[in-house]
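A.B. asks: If you scroll down you'll find the structure; I have some questions about it.
The values are calculated or read from the model by the stated rules, or taken from the named source; none is laboratory data. Quantities reported herein were computed from a predicted structural model and do not represent experimental measurements. Note that each Cβ is placed from the backbone with ideal geometry, even for glycine, and that neighbours are counted across all protein chains shown. These accessible areas exclude ligands, DNA and RNA; they are computed on the full protein's heavy atoms, side chains included. Shrake-Rupley method; radii C 1.70, N 1.55, O 1.52, S 1.80 Å.
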Amino acid sequence: MIVVRAIKMSSEPITLAGQMFTDEAVVLRDAILAASGSQIEFDASAVKFAGTAVIQVMLAAAKSARRDGRGLKILNPSEEWLESLERLGLSSSDIECEVALQ
């Protein structure tokens, strides 16, 4: 199973897969590290389950984005994505951040 459909350009969102477990967290981390630009976007419309490791990768990405003045946005979050966050006492606002104005 793959986590991302493709990263063709930095302006295209990273598409998250339906079932995301520990193995997919590693692939997701690599996709985030490969992303460039001032904002990273994720399409979470297909997510049916996101495990704790995946959420941890997203939280680390958000922390790095805030530190670097980059943005991180979740597009089209599925109910299951939101429930995965809520299971851990989180919400989208814990992950999303705006691009810092320079």
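A.B. asks: If you take the residues of region 33-54 that are in contact with a strand residue (DSSP E or B) (Cβ under 9 Å, 6 or more places away or on another chain) and in a helix (DSSP H, G or I), which of them is most open to solvent (accessible area, probe 1.4 Å)?
C.D. replies: Ala53
A.B. asks: Go through region 55-70 and give me each residue that's in a helix (DSSP H, G or I) and open to solvent by 50 Å² or more (accessible area, probe 1.4 Å). Reasoning before the result, please.
C.D. replies: Narrowing region 55-70 to residues in a helix (DSSP H, G or I): 55-68.
Scanning region 55-70 gives Gln56, Leu59, Ala60, Lys63, Arg66, Arg67, Asp68.
A.B. asks: Does any residue in region 1-30 that is under 17 Å from Ala61 (Cα atoms) come within less than 6 Å, Cβ to Cβ, of a residue that is modelled with pLDDT of 65 or more and among the acidic types (Asp, Glu) six or more places away or on a different chain, and which pairs are these?
C.D. replies: Qualifying pairs under 6 Å: Val3/Glu24; Pro13/Glu41; Pro13/Asp43; Thr15/Asp43.
A.B. asks: Condition first: open to solvent by less than 50 Å² (accessible area, probe 1.4 Å) and not aliphatic (A, V, I, L, M). Now tell me which residues in region 71-90 satisfy that.
C.D. replies: Of everything in region 71-90, those that are open to solvent by less than 50 Å² (accessible area, probe 1.4 Å) and not aliphatic (A, V, I, L, M) turn out to be Gly71, Ser78, Trp81, Ser84.
A.B. asks: Of all residues in region 71-102, count the ones that are without any contact (Cβ under 8 Å) to a residue 12 or more places away in the chain, in a loop (DSSP other than H, G, I, E, B) and among the small types (Gly, Ala, Ser).
C.D. replies: 2
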